[in-house]
Amino acid sequence: MQVKPLELGAKELMDIYYLMRLGRAIEDRLNLLYKGGRLPGAIYLGTGQEAIEIGASYALEPGDVLAPTHRDMMSQLPRGITPREVFLQHYARADSLTHGKGEDNYQGDLKRGTFATVSMLPDFYPVAAGAALAFKLRREKQVAMAYCGEGATSVGDWHEAINAASVLNLPVVFVVINNGYAYSTPVYKEMKVANVADRACAYSIPGVIVDGNDVIECYQGAKKAVERAREGGGPTLIEAKTMRMRGHAGHDPATYVAKDIIDLWTKRDPIVRFENYLTERGLLDEDKKKEVIDHVNATVEDAVNYAEQSPYPEGKEATEDVYAA
Amino acid sequence: MSTQPSQSQDEQKETLFIDAISQALWEEMERDSSIFMMGEDIGPYGGAFKVTKGFIEHFGPERIIDMPIAEEAYTGMAVGAALTGMRPVIEYQYADFISCAWDQIVNVAAKYHYRTREAVPMVMRAPSGAGLRAGPFHSQSPEGWFAHMPGLKVVMPGTPYDAKGLLKAAIRDNNPVIFFEHKYLYRRLKEQIPTDDYTVPISKAKVHKEGTDATIITYAAMLQVALEAANKAQEKGISVEVVDLRTIYPLDKETILNSVAKTSKAIMLYEDIKTLGIGAEVSAIIAEEAFESLDGPVLRVASPDAPIPYSPPLEDYFLPKVDDVMVAIDKLSAY
């Protein structure tokens, strides 16, 4: 298997930049569509989390699997989930990955190594551990990665999954996106520990903190954990410190977040930071940036048009596929 | 080709209900290397009821995995393994503890294929049922909880033959199957069953005893109560048909309706509590689809709406008995 290096080259760095811009543009458009009443359901955006969303899952290789949550649409972009698929899913069309059955970001495709999540958190921590167990039993050098927010770390599943994965020494990477809030509840009401990563010692696995707005740090933290898992080193817990820059869902203006907190984190925008990094290394200038943004905008425009013109499922399909043949 | 029938094809052996289950697991694990087991104390200890006694010595600790007390985790792990090419079988120590795994079963396992068309082939084995003086937390019949959950199959055998054949069918099924094993039957019920490979189809009820005057529809341990009641009725000249549902969900409506069309009278006998148990659904099906065949009301003989008590006189009072079924038969005979 061809494995990405820890120090990424120019092509991969620009690839990541494109995916971050694409993720931001998709979410901006989803927000507009939602506010305009164009989508049948809800939206859950990870705006501001682009660095960890894309940086961590970018560390996976073909054959590995990713278990995102409802807020992690962007994490699926490096797995090959396309903008057309994202909008088909939000528009609830027949050709979406869940055939109109699942909502907004609850899509996946195991052929490309992503699970279709559920609302209950973090239900896919155990599921990812199970995939890792399957890899281990078959002596395959593949890795599973699960995402959740810090809010989900209060749930029993989280602890059960990490404990079991540790006991069985499974090739799984647990990523926690600490974005400050569980819906409206701030971290200090969720836990007494200073860092989610501190909990790793309870399971005798490494707990790593990364700057969740620094995509290189996110990638490298995940990359080390992925390769450690691949080589039989067992699970790692990664905590990415970041900020959820929008409300919990599209309807939520998040007035419970003080404006100066948003102002502070706006200055730490992961895309701007990465642009500065790329510019310093001579990989990005204003022309190149415009080229990427134009390409991203055209891609999103195409995806929205494609989804809008795509048919809905027929009502009677509601009872199909309850069971596998 | 030999003219002699091969010995193994016809070989039958008297087999306990529990041993039929062990045999099914053993044979399936021999047949398919993607099958593995997770559960509590299933390794060297052999499981709380010893269903997997000797398994770890033969199949090794990678395929017989002792898990921490974490029902939710290993149920979710089974889903993950099933979605990535394995066929996990998990054992809940008692069916009562399946509530600890509720979320993974109803939200993850049951709804995955519906959304993605990706199959979740996994079996959840759970020893259920009362009669062992085990109290409110080791005696429950939780099948009704899951017979309300599209995407799951709920299987509940009443004989050693069906236990072996249905468990093999469950393991080969591409859906999440909950396999309730009535633990009262484990070491009390035995019969001649083939030592060879066979399956019993899921979602297919069985007419266990033919009759003409009334039908008792039942499953699991209550099958024995139904058969005893049918024999008693026979002495009084009443011919009772006994239908064993075998699969609780999805139900085999055809066999139920055919029997009621023949006998015109139906009693639903089940160990679960009466309200909103399987009997409620079966009664509704009969009322909706066989109303014109009926000569009397559909009766339910079931446990009262209470937790299952510990003390012997309390538990004996609680469980449906042959006498209760006889009262129902007599009542229907008046119509």
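The values are calculated or read from the model by the stated rules, or taken from the named source; none is laboratory data. On a predicted model such as this, the values are computed, not experimentally measured, just so you know. Every residue, glycine among them, receives a Cβ derived from its backbone with ideal geometry; neighbour counts consider all protein chains shown.
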Test: residue in the stretch B:247-258 that is outside the structural domain of B:V123 (by TED's automatic domain parsing) and either touching a Gly at 6+ places or on another chain (Cβ under 7 Å) or among the small types (G, A, S) (or both): no
Options A:E227, A:E239, A:E217; residue that is touching a residue at least 60 places away in the same chain (Cβ under 8 Å) and part of a strand (DSSP E or B): A:E239
Odd one out for B:A73, checked against (1) touching a residue at least 12 places away in the same chain (Cβ under 8 Å); (2) within 8 Å of chain A (Cβ to nearest Cβ): (1)
Flag for A:E308 being out of contact with any helix residue (DSSP H, G or I) (no Cβ under 7 Å at 6 or more places or on another chain), among the acidic types (D, E) and within 14 Å of chain B (Cβ to nearest Cβ): no
When residues of the stretch B:152-175 are limited to those that are among the charged types (D, E, K, R) and away from every other protein chain (no Cβ under 14 Å), the one farthest from the chain's Cα centre (by Cα): B:K168
Filter pass, B:G131 being in a loop (DSSP other than H, G, I, E, B), surrounded by 24 or more Cβ atoms within 10 Å (Cβ to Cβ) and under 19 Å from the mean Cα position of the chain (by Cα): no
Members of the stretch A:117-138 found to be more than 7 Å from chain B (Cβ to nearest Cβ) and touching a residue at least 60 places away in the same chain (Cβ under 8 Å), listed by number: A:A132
Matching residues in the stretch A:147-165 - criterion: being touching a helix residue (DSSP H, G or I) at 6+ places or on another chain (Cβ under 9 Å) and more than 10 Å from chain B (Cβ to nearest Cβ): A:Y147, A:C148, A:E150, A:G151, A:A152, A:T153
Index of the failed condition, A:E12 passing every other in (1) assigned to a loop (DSSP other than H, G, I, E, B); (2) more than 17 Å from the chain's Cα centre (by Cα): (1)
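For (1) touching a Phe, Trp or Tyr at 6+ places or on another chain (Cβ under 9 Å); (2) away from chain A (no Cβ under 14 Å), each residue gets a yes or a no:
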| residue | (1), (2) |
| --- | --- |
| B:A81 | yes, no |
| B:D103 | no, no |
| B:V120 | yes, no |
| B:M124 | yes, no |
| B:S139 | yes, yes |
Residue among B:G165, B:G151 that alone is in contact with a Phe, Trp or Tyr (Cβ under 7 Å, 6 or more places away or on another chain), in a helix (DSSP H, G or I) and over 19 Å from B:Y94 (Cβ atoms): B:G165
Selected residue (criterion: modelled with the lowest pLDDT) from residues of the stretch B:1-46 that are small (G, A, S) and in contact with an Asp or Glu (Cβ under 6 Å, 6 or more places away or on another chain): B:S8
Complete set of residues in the stretch A:29-42 that are assigned to a helix (DSSP H, G or I) and in contact (Cβ under 8 Å) with a residue 12 or more places away in the chain: A:R29, A:L30, A:N31, A:L33, A:Y34, A:K35
Sole exception among (1) surrounded by fewer than 24 Cβ atoms within 10 Å (Cβ to Cβ); (2) touching a residue at least 40 places away in the same chain (Cβ under 8 Å); (3) in a loop (DSSP other than H, G, I, E, B) for B:S141, by number: (1)
Subset of the stretch A:94-116 that is more than 8 Å from every other protein chain (Cβ to nearest Cβ), touching a residue at least 24 places away in the same chain (Cβ under 8 Å) and outside any loop (DSSP other than H, G, I, E, B) - its residue that is nearest to B:E72 (Cα to Cα): A:T114
Yes/no for A:L121 being assigned to a loop (DSSP other than H, G, I, E, B) and either in contact with a His (Cβ under 7 Å, 6 or more places away or on another chain) or more than 28 Å from A:N163 (Cα to Cα) (or both): no
Count of residues meeting criterion [hydroxyl-bearing (S, T, Y) and either over 30 Å from B:A261 (Cβ atoms) or free of Cβ contacts under 8 Å to residues at least 12 places away in the same chain (or both)] in the stretch B:295-335: 3
Residues (surrounded by 22 or more Cβ atoms within 10 Å (Cβ to Cβ) and more than 20 Å from the chain's Cα centre (by Cα)) located in the stretch A:147-165: A:E160, A:A164, A:A165
Residue that is farthest from the other protein chains (Cβ to nearest Cβ), among those in the stretch A:64-86 that are within 13 Å of A:M145 (Cα to Cα) and small (G, A, S): A:S75
Qualifying positions in the stretch B:260-291 - among the polar types (S, T, N, Q) and over 23 Å from B:F180 (Cβ atoms): B:T263, B:S264
